[in-house]
């Protein structure tokens, strides 16, 4: 095979075909990928305790708003969280109970008495007591 035919072949590559063809494994992998960022995992830990606004999440997690918004978007796009506008704020909640189940198992698998309140599942006082309805 000449070098020009190798180049042509590389340009016309077929779509990537997964090595594991089980849809359930692919779906589980995608779900775990959506949770696998530390900021996204922290957001989910807080939302397990109840619905929160972006401002409340920002305060609890000490994460700047642009970063928080980007990670919230990833979780929302994956269907793991949902938001609802209440007055001028958007209140987010867990939309997929599997995320809470996974976090519950992770907390059991990675116990740490010195872990943050977020990881331990501490109830935080609501800043404005916004209900999700």
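The values are calculated or read from the model by the stated rules, or taken from the named source; none is laboratory data. Values in this document were obtained by computation on a predicted structure and should not be read as measured data. Cβ coordinates were reconstructed from backbone atoms using ideal geometry, including for glycine residues, and neighbour counts include every protein chain displayed.
If you scan the stretch 72-91, which residues turn out to be over 10 Å from residue 44 (Cα atoms), assigned to a strand (DSSP E or B) and within 12 Å of the chain's Cα centre (by Cα)?
82 - this is the single residue of the stretch 72-91 that is over 10 Å from residue 44 (Cα atoms), assigned to a strand (DSSP E or B) and within 12 Å of the chain's Cα centre (by Cα).
Hey, among 96, 30, which residue is more than 25 Å from residue 125 (Cβ to Cβ), surrounded by 10 or more Cβ atoms within 10 Å (Cβ to Cβ) and at pLDDT 95 or above?
96
Just to be sure, is residue 124 touching a residue at least 24 places away in the same chain (Cβ under 8 Å) and in contact with a helix residue (DSSP H, G or I) (Cβ under 9 Å, 6 or more places away or on another chain)?
yes
Could you please let me know if residue 107 is in a helix (DSSP H, G or I), free of Cβ contacts under 8 Å to residues at least 60 places away in the same chain and touching a helix residue (DSSP H, G or I) at 6+ places or on another chain (Cβ under 9 Å)?
yes
Only one of these conditions is not met by residue 5: (1) modelled with pLDDT under 70; (2) closer than 30 Å to residue 56 by Cβ. Which number is it?
The single condition residue 5 does not satisfy is (2).
Scan the stretch 117-130 for residues that are surrounded by 10 or more Cβ atoms within 10 Å (Cβ to Cβ) and either at pLDDT 90 or above or closer than 19 Å to residue 54 by Cα (or both) and jot them down.
Selection gives 117, 118, 119, 121, 122, 124, 126, 127, 128, 130.
(1) modelled with pLDDT of 90 or more; (2) in contact with a helix residue (DSSP H, G or I) (Cβ under 9 Å, 6 or more places away or on another chain); (3) assigned to a loop (DSSP other than H, G, I, E, B): which one isn't true of residue 47, the others all being true?
That leaves (3) as the condition not met.
Could you grab me the full set of residues in the stretch 74-90 that are closer than 14 Å to residue 56 by Cβ, touching a helix residue (DSSP H, G or I) at 6+ places or on another chain (Cβ under 9 Å) and touching a residue at least 24 places away in the same chain (Cβ under 8 Å)?
Matches in the stretch 74-90: 81, 89, 90.
Based on this model, can you work out whether residue 102 counts as part of a helix (DSSP H, G or I) and farther than 19 Å from residue 28 by Cα?
Against the criterion (part of a helix (DSSP H, G or I) and farther than 19 Å from residue 28 by Cα), residue 102 does not qualify.
Mind telling me which of the residues 57, 109 ends up being within 29 Å of residue 28 (Cβ to Cβ) and surrounded by 15 or more Cβ atoms within 10 Å (Cβ to Cβ)?
Unique residue meeting the criteria: 57.
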